[in-house]
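Read-outs: derived from the displayed coordinates by stated rules, not from any lab. This is a predicted model, so every value here is computed, not measured. Every residue, glycine as well, gets a Cβ built from its backbone with ideal geometry; the counts of neighbours run over all protein chains shown.
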Amino acid sequence: MKSVLFLVIAAFLSACVAVLTPIPTTITGIPVMLLVEENPYRPQPEDASFRPAGVVLTNTGLLERFDLDPFRVELTLSGSLPSVCNELRVEVAPPNTNYQVFVEVYGMVNPKINCDNVFQQFEASILLGVYSTGRYTVWVNESLVGDFITY
């Protein structure tokens with residue numbers, strides 16, 4: 001008798017338990033960069049007379065900057081350029097429809113200047129800007145660095 005009473009009480013109580021079902025979140029619209037940050041390594045007008053040079057990236061990473069309002073992501077880069085005369089360039093493209101942000105990192109050198117080929121180490125940080133709602137992946141020179149989510 002006790003077991004039947006226990007089963008009846010358990011049945012009533014189980015009806016009160018809510019079952020959570022995951023509801024997929026749909027993101028509507030096209031991803032947009034809402035605020036473009038100042039990039040000290042952006043391409044310059046004098047680059048037209050320079051020639052491209054390689055860059056060796058040794059470390060890339062994403063840092064979430066909650067101390068900024070609104071929230072932003074900072075891309076950190078470290079590596080080396082082939083000579084002390086090379087200048088670092090970083091191009092951040094707007095997000096595509098797949099919520100991917102492509103970043104191109106390269107060097108530029110003035111062909112009129114003669115320089116010794118001594119590696120120049122660099123560390124650079126760039127704020128990526130403010131993006132519309134979604135989950136974005138960041139790619140540097142066609143390699144996945146990481147992702148971030150905006151709300």
Residue set Glu74, Glu91; condition surrounded by 15 or more Cβ atoms within 10 Å (Cβ to Cβ), touching a residue at least 40 places away in the same chain (Cβ under 8 Å), touching a strand residue (DSSP E or B) at 6+ places or on another chain (Cβ under 7 Å) and among the acidic types (Asp, Glu); output residue Glu74
Subset of the stretch 95-132, residues surrounded by 13 or more Cβ atoms within 10 Å (Cβ to Cβ), in a loop (DSSP other than H, G, I, E, B) and either within 25 Å of the chain's Cα centre (by Cα) or among the small types (Gly, Ala, Ser) (or both), comes to Pro95, Tyr99, Leu128, Gly129, Ser132
Determine whether the stretch 133-151 contains at least one residue that is assigned to a loop (DSSP other than H, G, I, E, B), among the hydrophobic types (A, V, I, L, M, F, W, C) and surrounded by fewer than 18 Cβ atoms within 10 Å (Cβ to Cβ).
no
